[in-house]
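The values are calculated or read from the model by the stated rules, or taken from the named source; none is laboratory data. These numbers were taken from a predicted model, which means no experiment stands behind them. Here the Cβ is made from the backbone with ideal geometry for all residues, glycine too, and neighbour counts use every protein chain on show. For the accessible areas, the whole protein counts, side chains as well, though only heavy atoms, and no ligand, DNA or RNA atoms are used. Shrake-Rupley method; radii C 1.70, N 1.55, O 1.52, S 1.80 Å.
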Amino acid sequence: MPDAAYQARHFINGVFVDSADGQKLDRVSPSHGIVVSQAALGSETETQAAIKAARAAFDDGRWSSLAAKERAAVLYRVADLIEQNEERLAVMETLESGKPISQSRGECGGAADLWRYAASLARTAHGDSHNTLGADILGVVVKEPIGVVSIITPWNFPFWILSQKLPFALAAGCTCVVKPSEMTPSTTSMLGEILVEAGLPAGVCNIVLGLGTPVGSLMTTHDDVDMVTFTGSTAVGKMITKSSGETLKKVALELGGKNPQVIFPDADLENAADAVTFGVYFNVGQCCNSSSRIIVHEDIADAFVERVVALSRKVVFGNPMHPDTQVGAIVTEDHKAKIDGYIKDAISAGAEICIGGQVLDVPGLGDQFYQPTVVRGVTPDMAIAREEVFGPVLTVLTFKTFDQAVALANDSTYGLSAGVWSENVHTCLEFCRRAQAGTVWTNTWMDGFPELAFGGMKQSGQGREIGRYGFEEFLEVKSLVMRIGRTRAPWVKTD
Ligand code: NDP
């Protein structure tokens, strides 16, 4: 446990600063109930200054004009420094978010690989040449960085999601303004310290701490911002699409999900039950990729649910600072009440609680925790089966035929991810083809790699992040048309 609350400050034009009006916001740890950080509370003043710095840094080419190998060298140094700072980052991530320390170590240390992968892509940006347009014409399509990018991140994976966006934008040659959630600002601020040590030129990445309004909203409407990349709720994603439309910014959105796993009777049921348990309780279900609903064949439903319930009893919920803990605290009291509200509404609508369904009291730490919960007797129209509960809550639906399973899986406004469990390759392949989701897992759940694009269909978002496709989002396409020799025929008749 750190001796004192971490002081998170804005990082603007290479300098760490407090807010001009001196305002700060305390972050009380969701698990330990003590103030673990104090963050500068930004206003329009700091946001304007950060955007101005990013614009100037882009326009004078101090970053975008560097050879890609020089940009890559900085990103590789950042990756090394992230690894060296893993423990410090992980402790703060856990104290601010409530997630288990083992998970924070995996996410903060593991983020170094995203930085290295993005660095490797920096040198691959290239366009096309067209040498067949006629003897006197050469056409070249070049890729350029899009410009100033606003990066807005949520509280559930603060360091990881930042690392899914920032190194790819920097690799492309963009400059950035970053706003983390006010609930989890510190590891983003710590990254600022790492960027200085790694030698990133001043103004290339700026960090403003504060609330969605005024900081986030100005970042999505300002004339000098060219692109917004946002991860968070679908409601705020829609607001950003509207507000940024006035200046026609490019917008990439990674939003919510109501992700199904479909279990066929011929599946490896032991493995499937474990993956379902992992999928729903990981990060206390506060995860866009949470597999919050399963669609299981009716012949095996009873036995399968029993298996998941039995595994649920074995998952270690509790003190996030303990190395064996697998599931920690809920991010805020309000959010816990929201989760509990979904459960109460489902019970009133006739659903049956197989396990959990209540607040969890952890001795010595209080009750900002929620029990592992499995809900049956759910119909597809219930809110608990349709909306993002964002808690450790699994809903169970059943099917008879393959077509029914696909229809239930796709019966959602969301389309982030989906999973299929079967030993029959034809069943798996057909499901993969018909599932309306940005990622489809086959006989696994939430395996991810920096090489593979991530993002959603339908109201789960637009655009992709990570992978080559994620990198390309930060590049603009320009066509060059070059005439060889003086062959252009005049348009105006002069004789
Ligand atoms: P939000 O979508 O409200 O917040 C995400 C980020 O957007 C935060 O940094 C937030 O700032 C910022 N923001 C809020 N309003 C604006 C705005 N008008 N313009 C620009 N930026 C803005 O998520 P919440 O944290 O409130 O969570 C609410 C629900 O969203 C959750 O219960 C969950 O269902 C879903 N969610 C989904 C996530 C995902 O990974 N897909 C991640 C997080 C939440 P600040 O909060 O600091 O004011």
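Give the residues of segment 247-266 whose amide nitrogen is closer than 20 Å to a point set 7 Å from the Cα of Ser479 in the direction of its Cβ. No residue passes the distance filter.
Between helix 86-97 and the chain there is an angle of about 60 degrees, using the helix long axis and the longest principal axis of the Cα atoms.
Annotation: extensible slack from Glu352 through Asp299 equals 17.2 nm (criterion: 0.36 nm per residue apart, minus Cα-Cα distance). Here the dipole of segment 1-157 is about 180 debye; that uses its Cα centre as origin and unit charges on the Cβ of Lys and Arg (positive) and Asp and Glu (negative).
Radius of gyration (Cα atoms) of segment 43-197, expressed as a multiple of 2.2 N^0.38 Å: 1.20. Take every DSSP beta bridge whose two residues both sit in the chain; close to 45 percent of them are antiparallel. Pairs from the table (Lys250/Lys336; Lys143/Lys242; Lys69/Lys458; Lys24/Lys165; Lys249/Lys458; Lys69/Lys238) lying more than 29 angstrom apart at Cα are Lys250/Lys336; Lys69/Lys458; Lys69/Lys238.
Could you give the accessible area per residue of segment 336-495, probe 1.4 Å, as a whole number in Å²? Working shown, then result.
Numbers: 8390 Å² over 160 residues.
On a per-residue basis, segment 336-495 sits at 52 Å².
Neighbours of Glu306, meaning other residues whose beta-carbon lies under 13 angstrom from its beta-carbon, give a summed charge of +1 when Lys and Arg score +1 and Asp and Glu score -1. For Lys258, a cut-off of 12 angstrom between C-alpha atoms picks up these aspartates and glutamates, skipping any fewer than 8 places away in its own chain: Glu387, Glu388, Asp411. Rg to Rh ratio, segment 130-283, alpha-carbon atoms and Kirkwood radius? For segment 130-283, the value is 1.12. For segment 294-307, backbone phi angles converted through the Karplus equation (6.51, -1.76, 1.60; θ = phi - 60°) give residue-by-residue couplings of 10, 10, 10, 4, 4, 5, 10, 4, 4, 5, 5, 5, 4, 4 Hz, Gly and Pro being listed as x.
Of the residues Val177, Val296, Asn131, the one whose Cα sits farthest towards the positive end of the charge dipole of the chain is Asn131 (charges of +1 on Lys and Arg Cβ, -1 on Asp and Glu Cβ, taken about the Cα centre).
Dividing the convex hull volume of the alpha-carbon atoms in the chain by its residue count gives 174 Å³ per residue. Distance from the C-alpha centroid of segment 404-431 to that of segment 450-495: 33 Å, rounded to the whole angstrom. With angles folded into 0 to 90 degrees, how steeply does helix 186-198 sit against the dominant principal axis of the chain? Use alpha carbons for both and round to 10. Around 40 degrees separate the two axes.
If I take R0 = 22 Å and measure r between the Cβ atoms of Lys338 and Thr241 in this structure, what FRET efficiency does the formula 1/(1 + (r/R0)^6) give, to the nearest 0.05? E between Lys338 and Thr241, to the nearest 0.05, is 0.40.
Quick check: at a probe of 1.4 Å, how many percent of the accessible area of the chain sits on carbon and sulfur atoms? Looking at the chain in its full context, I get 52 percent from C and S.
Each Lys and Arg Cβ is given +1 and each Asp and Glu Cβ -1; about its Cα centre, the chain then shows a dipole of about 1380 debye.
Taking every eigenvalue of the Cα gyration tensor of segment 138-201, multiplying by 5 and rooting it, what semi-axes result, largest first, whole Å?
On the way: eigenvalues 142, 39, 15 Å².
After diagonalising the Cα gyration tensor, the semi-axes are 27, 14, 9 Å.
Hey, quick one: spin label on Ser233, modelled 7 Å out along Cα-Cβ, who in segment 330-367 has an amide N within reach, i.e. under 15 Å? Zone members listed by number: 331-342.
Each 10 Å bin from zero up to the one holding the largest Cα-Cα distance in segment 348-495 carries the following percent of pairs: 9, 25, 26, 17, 8, 5, 5, 4, 1, 0.
Quick query: amide H of Phe369 versus all other amide H atoms, modeled in the peptide plane; which residues come in under 5 Å with a sequence gap of 5 or more or a different chain? Under 5 Å from the amide H of Phe369: Ile330, Leu360.
Magnitude of the charge dipole for segment 338-442, about its Cα centre and with charges confined to Cβ atoms of Lys, Arg (+1) and Asp, Glu (-1), is about 220 debye. Dividing the alpha-carbon radius of gyration of segment 341-430 by 2.2 N^0.38 Å (N being the number of residues), what value is obtained? In units of the globular-protein estimate, segment 341-430 measures up at 1.30. Only Cα pairs under 8 Å and 6+ residues apart enter the sum, and on that basis the relative contact order of the chain stands at 18 percent. Pairwise Cα distances in segment 250-337 exceed 23 Å in 33 percent of cases. Highest mean packing first, where packing is the average number of other Cβ atoms within 10 Å per residue, the peptides 444-453, 279-288, 107-116 line up as 279-288, 107-116, 444-453. Scaling the Cα radius of gyration of segment 1-100 by the globular reference 2.2 N^0.38 Å produces a ratio of 1.34. Under 5 Å from the amide H of Lys24 lie the amide H atoms of Leu41, each residue being 5 or more positions distant or on a separate chain, with H modelled from the backbone and absent for Pro and chain starts. Along the positive direction of the dipole of segment 354-495 (beta-carbon charges: Lys, Arg +1; Asp, Glu -1; about the Cα centre), which of Gln462, Gly364, Leu397 reaches farthest? Comparing the listed Cα positions along the dipole, Gln462 ranks first.
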